[in-house]
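The values are calculated or read from the model by the stated rules, or taken from the named source; none is laboratory data. No experiment lies behind these values; they were computed from the predicted model shown. Cβ: placed from backbone, ideal geometry, glycine included. Neighbour counts: every protein chain shown.
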Amino acid sequence: MAASGSNAEQPAKRRKKQQPANAITIGGRTISLEAYLNPTPKPAKTITTPAQPTAATEKPEDPTPTERGKKTTTTSRPENHGRRGGPAPARNTEDAGLLKTRKALPIWQHRSEIQAALRKPGSNVVVLVGETGSGKSTQVPQFLYREPWCRRQTVKLTGSQDEVAVGGTIAITQPRRVAATTLAHRVSREAGTPLGKGQADGLVGYSVRFDHQVPRGTKIKFLTEGTLLQELLRDPCLRQYSAIIVDEIHERSLDVDLLVGFLKQILTGDLSGRGGVPLKVIVMSATADVDIIRGFFKDLSADDNEHKDTDHVQVLRIKCRQYPVEVVHEPRPVPDIQDALLKRIFKIHLEEPLPGDILAFLTGQEEIESAQKLIEEYATTTASNVPKIKVCPLYGQLSMEGQREAFLPVKTAFTRKIVLATNIAETSVTVPGVRYVVDCGKAKVKKYRPRLGMESLLASVISKSSALQRAGRAGREGAGKCFRLYTESTFETFQDSDLPEILRNDVLGAVLTMKARGIQDVLAFPLMDTPGTESIEKALLHLHYLGALTDDGAITPAGEKMARFPIPAPLGAVILAAARPEFDCVMEAIDIISCITSGDDVFLQLQSEEAQEEVGALRKEIQRREGDIMTYLTTIQRYTAENADRIGWCKQRRINMRNMRQALNIRRQLRAMSLKEKLISEAPPQDPQRFTPVDPERADVILKCFMRGFAMKTAMLAPDGNYVTIQGKHVVAIHPASVLHGQKKEAIMFLEHVFTNKNYAKKVSAIRANWIVEAMESRY
DNA sequence: CAAAAAGTC
């Protein structure tokens, strides 16, 4: 196996045999476990105001959780890696029209250049820079799959007589599911083997969660970054692939950062796991600054001192014909951002010709809703010779129907569409018809604070790269204009690019991912940006507490199981605890976890007071006094017991149907895995099951079981009526969406802890104070 | 009294 852990330049550190019982040694460092073993659950008498994690730069927003606006297809087909001599895929069947369109793409000129770059012996990494619209995602895999190095080979592995197949397929990763599936459909048509029902053979396939279409003979496979990371768990050498194309690396998702780390390990390894067959890596970015990427892959041939100083990473830049976008800044800083936004929109509307829709970037739902109201009010006052206005909000939590409006051309004549969007419109979706962009210069960003074990979600200044991306949205269909609600000198103060996710997120999952894939020294794992030592140590400690790591920092069998479960590690720990005889509640734990990991909250927000009254009584029936965890359990159990009309059942209670369906998918998956891991002894009975409420004693057992994953996310009621967290001793409020909102309990456990305009505990359950000590001291 | 948007055999 190539991915054998520590880097060549950093020899594995010797771990001390002897160490204090209350400490673990990880990466050569001894870390005290004092904080975990000696909890002080007694809150201080005087409650100090919690320190603000960051200065809020803007007013907090008001979210409305509603249905997700995306469709899912759940067609599954078992993967077939194709045998040698299988049915030959159709060739040269490209439709003449499609080929003509392909040849018109800017990247077509670079076809042989790209092929040549990868043919050079020893040249295994190529960086490709091309803006949106260059056609790189659809064309590059098609340029490469017939190359000689891309042929499937049968090789003998060292020390084994068995012959294995290596290579033959090109993987291309995407940060989003929709991108992976739509690109696959598109490329499959271009290649002459369209994906669809009854197509057993084909050149192109895709693989995203709960949706795999990989025909026999697949040479080009689109996947999400997360899916490839899962494949890496089973096949550390990525044996089925000749090349990995990493698309949209500039977005710097946590998964892509991990992925290139593993790719670098394969490239620097001895290739024995691949029978000596090299792996080619093509990294594609839409932004020009690729120094970090180039630097990251530069020191590849460490064993080859002769070439050590030469640059092995080729960078190819694809020119892209873009429509010009005129950027207009404010002459001086604006005192009121909403006021400036409205004035700018009205000015565009009055002065700029039709057709040409407006796309405005705002920070959140509350801001969008209030702006919508004011624009609609204004629209009633305009003269009859001024075009009419149609305002479309666009944010992730908006229902499918609500989102659709923003993508459709306006039906009424002489009307301008004004789309008010969050940064969902920056990368995830494209709004057609836009000629004018208004950019407020801010976006909400999630940040993790390791010391407090909590996150914050606050509006903050965007980066130059983000501002450029927003401006570019005006030039998709013709020359456009971008109006920035800030000065040019303010723009100059922006950072070049956004902080990569790995530096803003809890790295618990990332560290477990590394450990499960054989990385002993996570501090030495190659990363483009390394999180602070404090974050990594915190994650190691947390994993140790969860039972995923030994005192030496090595992964335990429990940790390996947690890594295989497609859920966050603390929830994996809950399932493992549930399998213990004293808890014995795996089925209930899976039901709850399926519900909470199916997407945003399954309970839609009740907007109006009428809705609250209408739905209130029906929702009360499924609510439990123990809190949100038990309420989720009742919800999914009632849902599955409902046999006649699940859609109606959800509608009546304002429950997100799409997430409930996803929850059942996850439930099926987790049940199958638990059976395989022998956490349950037999397959559970088929749905529908009659609903029987869980009695309070059983509820206690289930909650105690969740404490094994969330003992640190607890708070005690102080004499003054505030809840004070165990970790950090901060005042925390129960979020209004919780069934326990406004209630006083002895102690609470929460699955999420987020600072917005206040310290909020979400997904809250009532617990007993002595459970906290009990859970903290328990070690498996 | 309320949340950005992505993602996992």
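Looking only at the range A:250-265, count how many residues are within 13 Å of DNA strand B (Cβ to nearest atom) and either touching a Gly at 6+ places or on another chain (Cβ under 8 Å) or farther than 14 Å from A:ALA171 by Cβ (or both).
Narrowing the range A:250-265 to residues within 13 Å of DNA strand B (Cβ to nearest atom): A:251-259.
Imposing the further condition that a residue be either touching a Gly at 6+ places or on another chain (Cβ under 8 Å) or farther than 14 Å from A:ALA171 by Cβ (or both) reduces the set to A:251-255, A:257-258.
Qualifying residue count for the region: 7.
For A:ASP720, are the conditions met, namely being acidic (Asp, Glu) and part of a helix (DSSP H, G or I)? Against the criterion (acidic (Asp, Glu) and part of a helix (DSSP H, G or I)), A:ASP720 does not qualify.
Among residues of the range A:550-574 that are more than 15 Å from A:CYS705 (Cα to Cα) and free of Cβ contacts under 8 Å to residues at least 24 places away in the same chain, those with a Cβ under 8 angstrom from a residue that is within 16 Å of DNA strand B (Cβ to nearest atom) and outside any helix (DSSP H, G or I), sequence gap 6+ or separate chain, pair up as A:THR556/A:ALA548. Strands (runs of 3 or more DSSP E) fully within the range A:724-779 that include at least 1 residues being surrounded by 21 or more Cβ atoms within 10 Å (Cβ to Cβ) and away from DNA strand B (no atom under 15 Å from the Cβ): A:747-755, A:759-767.
Does the range A:559-576 include one or more residues that are away from DNA strand B (no atom under 16 Å from the Cβ) and at pLDDT 95 or above? No, every residue in the range A:559-576 fails to be away from DNA strand B (no atom under 16 Å from the Cβ) and at pLDDT 95 or above. For the range A:635-685, a tally of residues being of a type in the set (Gly, Ala, Ser) and over 29 Å from the mean Cα position of the chain (by Cα) returns 5. Annotation: A:SER535 fulfils all but one of (1) touching a His at 6+ places or on another chain (Cβ under 9 Å); (2) within 16 Å of DNA strand B (Cβ to nearest atom); (3) among the small types (Gly, Ala, Ser); the unmet one is (1).
May I ask you to list the residues in the range A:623-642 that are within 16 Å of DNA strand B (Cβ to nearest atom) and either part of a helix (DSSP H, G or I) or at positive phi (or both)? The answer is A:GLY627, A:ASP628, A:ILE629, A:THR631, A:TYR632, A:THR635.
Only helices (runs of 4 or more DSSP H) wholly contained in the range A:459-553 count here; list those with 3 or more residues that are touching a helix residue (DSSP H, G or I) at 6+ places or on another chain (Cβ under 7 Å). Explain how you work it out, then say what you get.
On the way: elements: A:464-472, A:488-493, A:508-516, A:533-545.
Where helices (runs of 4 or more DSSP H) fall fully within the range A:459-553 and carry at least 3 residues being touching a helix residue (DSSP H, G or I) at 6+ places or on another chain (Cβ under 7 Å), they are A:464-472, A:508-516, A:533-545.
Going by the structure shown, is A:LEU105 closer than 20 Å to A:PHE222 by Cβ and away from DNA strand B (no atom under 16 Å from the Cβ)? Answer is yes for this residue.
Results for (1) farther than 23 Å from A:ALA663 by Cβ; (2) among the small types (Gly, Ala, Ser), shown as yes or no for each residue.
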| residue | (1), (2) |
| --- | --- |
| A:TYR545 | yes, no |
| A:THR550 | yes, no |
| A:GLY559 | yes, yes |
| A:ALA573 | no, yes |
| A:PRO581 | yes, no |
| A:ALA589 | no, yes |
| A:ASP600 | no, no |
| A:TYR639 | no, no |
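Once the range A:648-686 is narrowed to residues that are small (Gly, Ala, Ser) and without any contact (Cβ under 8 Å) to a residue 40 or more places away in the chain, the residue that is farthest from A:GLU609 (Cα to Cα) is A:SER681. Cβ-Cβ distances below 8 Å connect no pair with a first residue in the range A:299-326 that is under 24 Å from A:GLY480 (Cα atoms) and not assigned by TED's automatic domain parsing to the domain that holds A:ILE266, a second residue that is at pLDDT below 70 and of a type outside the set (Val, Ile, Thr), and a separation of six or more residues or different chains. Evaluation of A:LEU703 against the conditions (1) touching a helix residue (DSSP H, G or I) at 6+ places or on another chain (Cβ under 7 Å); (2) in contact (Cβ under 8 Å) with a residue 40 or more places away in the chain; (3) assigned to a loop (DSSP other than H, G, I, E, B) shows that the sole unmet condition is (3).
Looking at A:GLY709, A:GLY721, which one is closer than 20 Å to A:LYS763 by Cα and surrounded by fewer than 18 Cβ atoms within 10 Å (Cβ to Cβ)?
Result of the check over A:GLY709, A:GLY721: A:GLY721.
Selection within the range A:385-409: residues that are in a loop (DSSP other than H, G, I, E, B) and in contact with a Pro (Cβ under 8 Å, 6 or more places away or on another chain). The member of this set that is farthest from A:LEU604 (Cα to Cα) is A:PRO409. When residues in the range A:506-549 are screened for being in contact (Cβ under 8 Å) with a residue 60 or more places away in the chain and farther than 20 Å from A:GLN727 by Cβ, 17 of them pass.
Is it the case that the range A:427-435 has a residue that's in a strand (DSSP E or B) and surrounded by 14 or more Cβ atoms within 10 Å (Cβ to Cβ)? Looking for residues that are in a strand (DSSP E or B) and surrounded by 14 or more Cβ atoms within 10 Å (Cβ to Cβ), one finds at least one in the range A:427-435, hence yes. For A:GLU677, the criteria (1) acidic (Asp, Glu); (2) in contact with a Ser or Thr (Cβ under 9 Å, 6 or more places away or on another chain); (3) within 16 Å of DNA strand B (Cβ to nearest atom) hold in every case but one, which is (2). Each residue in the range A:350-384 was checked for being crowded, with 22+ Cβ neighbours inside 10 Å and either more than 16 Å from DNA strand B (Cβ to nearest atom) or not assigned by TED's automatic domain parsing to the domain that holds A:GLN469 (or both), and 2 of them qualify.
Sort through A:ASP270, A:ASP235 and tell me the only one that's surrounded by fewer than 21 Cβ atoms within 10 Å (Cβ to Cβ) and free of Cβ contacts under 8 Å to residues at least 40 places away in the same chain.
Working: A:ASP270 fails: free of Cβ contacts under 8 Å to residues at least 40 places away in the same chain.
Only one candidate passes the filter, namely A:ASP235.
Consider A:GLU455 carefully, then state whether it is under 30 Å from A:LEU233 (Cβ atoms), assigned by TED's automatic domain parsing to the domain that holds A:GLU330 and touching a residue at least 24 places away in the same chain (Cβ under 8 Å).
Working: under 30 Å from A:LEU233 (Cβ atoms): yes; assigned by TED's automatic domain parsing to the domain that holds A:GLU330: yes; touching a residue at least 24 places away in the same chain (Cβ under 8 Å): yes.
When the stated conditions are applied, A:GLU455 passes them.
Scan the range A:528-574 for residues that are within 20 Å of A:LEU259 (Cα to Cα) and aromatic (Phe, Trp, Tyr) and the total you get is 1. Residues in the range A:149-166 that are out of contact with any Pro (no Cβ under 9 Å at 6 or more places or on another chain), in contact (Cβ under 8 Å) with a residue 12 or more places away in the chain and more than 16 Å from DNA strand B (Cβ to nearest atom): A:CYS150, A:ARG151, A:ARG152, A:GLN153, A:THR154, A:VAL155, A:LYS156, A:LEU157, A:THR158, A:VAL166.
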